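The values are calculated or read from the model by the stated rules, or taken from the named source; none is laboratory data. Quick caveat, the model's predicted, so the values are computed rather than measured. Glycine gets a Cβ as well: all are built from the backbone with ideal geometry, and neighbour counts include every protein chain shown.
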Amino acid sequence: MIIGKYTLYSIETSEFGLDGGSMFGIIPKPLWEKEAPADEMNRIKMVTRSLLLVSEDRKVLIDTGNGTKWKEKYRNIYNIDTSRYNIEISLAKHGFCADDITDVICTHLHFDHAGGNTKIENETIVPTFPNATYWVSRENWELANHPSQKDSGSFMEMDWKVLAENSMTQIVDGKEPFIDSIDIYLTYGHTTGLMHPVISDNANTVFYGADLFPMAAHIPIPWVMAYDIRPVVTVQEKEVLLPKFAEENWILFLEHDPNNQACTIRQHEKHFKMKDVVAISE
Ligand SMILES: [Zn+2]
């Protein structure tokens, strides 16, 4: 898909699973299980999916997935599997490699979004994208480095410490323009200062859903994750965005959906659902 000066590629970086109850908050299991069947450990099937934006002078990667630094114990808990999808394979499929990446936009620093920022080489943690600037919002940077007990398990310093030490991080408010033709929309329900990149031209607009809309099953307004630090704010943010998506036919990029890269939205009275599946790339 081409939007304005960018060609877009869907970059799947891992398969994994999170607890279905945590993923759907107050929604009862008999309802969510129809959308996302659970395995014997109550985990639902998910992926980490990044979006690569390629222009003449930049290759911008949005989020980096779970990465590969996992100890066996957590690899098992989260069922992390990088045998079918990983960053190298998915970039290579479209003719790119890690050294090509000029910018990484970190929507937020949760481990399943920033884990691929760094990797282990010769028993040392090093940047996965040695030529990139890593963009992080100031508010999420501050939270990640001083998390509450509720979200301390979601932030892992090894995903960004070496980047900061090598002056590869750029902390931004998220309101200022920082990469050409990419707008940023900030939300606060899932975590503080979550940056959603928005790419548009006269014909199409893509909204990067991140953890406000992790899967197509999270389109209905009350289907909100228990991981969210301000679930009522998430509901309010969805109430503002979904009518706009439906009216203006925006494309919603789905970072964790195992089956759909992106979709459009339809509205029926007060309810919202997926309209059409959209393929960003092969
Ligand atoms: Zn998150």
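Of note:
- In the set (1) over 17 Å from the mean Cα position of the chain (by Cα); (2) crowded, with 23+ Cβ neighbours inside 10 Å; (3) assigned to a loop (DSSP other than H, G, I, E, B), F245 fails one condition alone, (3).
- Complete set of residues in region 19-41 that are in a loop (DSSP other than H, G, I, E, B), without any contact (Cβ under 8 Å) to a residue 40 or more places away in the chain and farther than 16 Å from P258 by Cβ: P28, E40, M41
- Extreme residue, nearest to N117 (Cα to Cα), among residues of region 148-160 that are free of Cβ contacts under 8 Å to residues at least 12 places away in the same chain and more than 12 Å from the ligand (Cβ to nearest atom): S152
- A residue that is at pLDDT 95 or above, within 13 Å of the ligand (Cβ to nearest atom) and surrounded by fewer than 24 Cβ atoms within 10 Å (Cβ to Cβ) occurs nowhere in region 114-132.
- Test: residue in region 255-264 that is farther than 22 Å from L53 by Cβ and either in a loop (DSSP other than H, G, I, E, B) or in contact with a helix residue (DSSP H, G or I) (Cβ under 9 Å, 6 or more places away or on another chain) (or both): yes
- Options T7, T64, T48, T107; residue that is closer than 21 Å to L252 by Cβ and over 17 Å from the mean Cα position of the chain (by Cα): T7
- For region 211-228, the candidate set comprises residues that are assigned to a helix (DSSP H, G or I) and out of contact with any strand residue (DSSP E or B) (no Cβ under 8 Å at 6 or more places or on another chain); within that set, the residue that is nearest to the ligand (Cβ to nearest atom) is H218.
- Candidates Y74, Y85, Y78 - the one that is touching a residue at least 60 places away in the same chain (Cβ under 8 Å) and within 20 Å of S22 (Cα to Cα): Y78
- Looking only at region 9-50, and only at residues there that are touching a Leu at 6+ places or on another chain (Cβ under 9 Å) and small (G, A, S), the one that is surrounded by the fewest Cβ atoms within 10 Å (Cβ to Cβ): S10
- Any hit, region 120-128, residues being among the charged types (D, E, K, R) and in contact (Cβ under 8 Å) with a residue 24 or more places away in the chain: no
- Residue match in region 175-186 (condition: touching a residue at least 24 places away in the same chain (Cβ under 8 Å), in contact with a helix residue (DSSP H, G or I) (Cβ under 6 Å, 6 or more places away or on another chain) and within 16 Å of the ligand (Cβ to nearest atom)): no
- Hey, L18 under 27 Å from A279 (Cβ atoms) and among the aliphatic types (A, V, I, L, M) or not: yes
- Those residues of region 229-242 which are surrounded by fewer than 20 Cβ atoms within 10 Å (Cβ to Cβ) and either in a loop (DSSP other than H, G, I, E, B) or within 19 Å of the chain's Cα centre (by Cα) (or both), in sequence order: I229, R230, P231, V233, V235
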